[in-house]
Amino acid sequence: MMTRFRAAILAASVVLPLGAAHATDLEVTHWWTSGGEAAAVAELAKAFDATGNKWVDGAIAGSGGTARPIMISRITGGDPMGATQFNHGRQAEELVQAGLMRDLTDVATAEKWKDVIRPSSLLDACTIDGKIYCAPVNIHSWQWLWLSNAAFKTAGVDVPKNWDEFVAAGPALEKAGIIPLALGGQAWQSAGLFDVLLLSLGGKDFYLKAYGDKDEAALTGPDMAKIFKAADDARRMAKGSNVQDWNQATNLVITGKAGGQIMGDWAQGEFQIANQKAGTDYSCLPGLGVNAMISTGGDAFYFPLLKDEAKTEAQSVLAKTILDPATQVAFNLKKGSLPVRGDVDMSATNDCMKKGIDILAKGSVVKSADELLSADIQKQKEDLFSEFFSSTTMTPEDAQKRLAGIIASAE
């Protein structure tokens, strides 16, 4: 892959002048297409358009797994967009190493990003060989169990306070004709669910041993077997959840057709669009009510090298706009995520977002799987858990062995 990237440099070689002051159109690609996501993107576009430039929306439907190959193909093929979304972590690493992405160190230094972005690991994830290549826009955490208060009322059981209570409530939900656990059919959803079980039920140290240290004993031992037992419970509870997209699964919770969903805090955008109130219509359990800890994943914007001076200057303006305090508040309130700046007023947040802010303030955070594992390893994990959750023939023991083999091959 690196050879292909290096060959593409000749087609995409550019100069990078600064100081062009002409307003211009700038195409921005991303995979935010659900109702809540579109509302959040509109806030970014509005803020950028207010600078005199024009946000040209390049939304790609189908989630990151569909969008990233298209984005990468355009950049390596000499048809780069003005800016593109990736997740925090290593997804753009090879593009940077191939010399196809713009160095933003000058912008970051002028805007004092190191002083305001927290946790610092977010900016570290943008830094390669001492240079900053992306602008973080939010903190998204996966470790949430979203619960339909109406579903549990219909089933005649209390809203669960932790994972064990949720599993125990499964039979009552099923008896009431309610799917206990909503889960979409895309592979990244299955892999993300497992990672939540690993961190929330296994704890931070065990999670880091498995994904950070790639510790064979942790991956093959009895503690990991317990996580796979929980995954087997989740697989059973998700039977009958015949939807594809994550927001369709969220809608099952919103409409009371499902008891709960393990999904990142971006699900809050869908609850907001549906005019549901946290604590009244739905409940949220960070860390599955077991370990109130969040991974500091999320989204960042990268900027391919361009030949056009005006568009290069517009890239700088967009990078500054993304980190502007007012933009941070407006975007993240709609997205359901947390701001990357530690100096903004988020007093308008709902009960669930307040929980996330409190967890972040306490420092109960850990690097996301995207930061600990390469894109290739993540894809192999997705394939494994897609197969595991879509079939009853793969045993938890077999799945554990396969995961250990995948992680053992990680760089």
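The values are calculated or read from the model by the stated rules, or taken from the named source; none is laboratory data. Please read all numbers here as calculations on a predicted model, not as lab measurements. FYI the Cβ positions are ideal-geometry reconstructions off the backbone, even for glycines, and counts take in every protein chain you see. Areas reflect the complete protein model, heavy atoms only, side chains present, ligands, DNA and RNA absent. Shrake-Rupley method; radii C 1.70, N 1.55, O 1.52, S 1.80 Å.
Suppose a student asked you for the relative contact order of the chain, using Cα pairs under 8 Å spaced at least 6 residues apart; what percent would you report? Please list the in-between numbers first.
On the way: 766 pairs, mean separation 115.3, N = 411.
Normalised by residue count, the contact order of the chain is 28 percent.
Mind checking which of HIS30, HIS88, HIS140 has the largest fluctuation in a GNM of the chain, springs on alpha carbons under 10 Å?
Of the options given, HIS30 has the highest mean-square fluctuation.
In whole percent, what relative contact order does region 281-411 give with Cα contacts below 8 Å and a gap of six or more residues?
Working: 80 pairs, mean separation 34.6, N = 131.
Value for region 281-411: 26 percent.
Please report, in Å, the Rg and the Dmax of region 218-359, where both are computed over Cα atoms only.
19.1, 58
What length, rounded to one decimal in nm, is gained on full extension from THR154 through to ASP383, with 0.36 nm per residue of separation minus their alpha-carbon distance?
Details: separation 229, 0.36 × 229 = 82.44 nm, distance 3.56 nm.
Gain in length upon complete extension: 78.9 nm.
Quick one: pull the percentage of alpha-carbon pairs in the chain with a separation above 35 Å. Before the final figure, lay out the partial values.
Values: 22179 of 84255 pairs.
Percentage above 35 Å: 26.
Tell me the per residue accessible area of the chain using a 1.4 Å probe; a whole number in Å² is fine. All intermediate terms of the calculation are to be shown ahead of the outcome.
Numbers: 16470 Å² over 411 residues.
Result: 40 Å² of accessible area for each residue.
With r as the distance between the Cβ atoms of VAL344 and THR105 and R0 = 22 Å, compute the FRET efficiency 1/(1 + (r/R0)^6) and round to 0.05.
Values: r = 23 Å, r/R0 = 1.05.
Calculated value: 0.40.
Once the piece of chain linking ALA42 and LYS161 is laid out straight, how much longer is it, given 0.36 nm per residue of separation minus the C-alpha distance between them?
Numbers: separation 119, 0.36 × 119 = 42.84 nm, distance 3.50 nm.
Here the answer is 39.3 nm.
Let's test the formula: R0 of 35 Å, r as the Cβ-Cβ distance of ASP358 and ALA217. What FRET efficiency results, to the nearest 0.05? Before the final figure, lay out each step's value.
On the way: r = 34 Å, r/R0 = 0.97.
According to the calculation, E is roughly 0.55.
Probe radius 1.4 Å, ligands and nucleic acids ignored: give me the carbon and sulfur share of the accessible area of region 279-338 as a rounded percent. Write out the running numbers ahead of the final one.
On the way: 860 of 1600 Å².
Answer for region 279-338 is 54 percent, counting heavy atoms of protein chains only.
Could you please tell me the mean projected area of the C-alpha convex hull for region 21-173, averaged over all directions and given in square nanometres to one decimal? Write out the running numbers ahead of the final one.
On the way: hull surface 50.5 nm².
About 12.6 nm², averaged over all directions.
For the chain, set up a GNM with springs between Cα atoms under 10 Å and report which of GLY342, GLY298, GLY256 has the largest fluctuation.
Maximum among the listed residues: GLY342.
Can you run phi through the Karplus equation (6.51, -1.76, 1.60; θ = phi - 60°) for region 122-130 and list ³J(HN,Hα) in whole Hz, with x for Gly and Pro?
Listing the rounded values in order: 5, 6, 4, 5, 8, 9, 10, 6, x Hz.
Scan around VAL366 for amide H atoms under 5 Å from its own, H built in the peptide plane at 1.01 Å from N, and keep only partners 5 or more places away or cross-chain.
Placed amide hydrogens put ILE294, SER295, THR296 under 5 Å from VAL366.
In a GNM of the chain with a 10 Å cut-off on Cα contacts, which of ALA110, ALA218, ALA300 has the highest mean-square fluctuation?
Comparing ALA110, ALA218, ALA300 in the GNM, the peak value goes to ALA110.
Starting from the amide H of VAL56, placed 1.01 Å from N in the peptide plane, find each other amide H under 5 Å away whose residue is 5 or more places distant or on another chain.
LEU26, GLU27, VAL28
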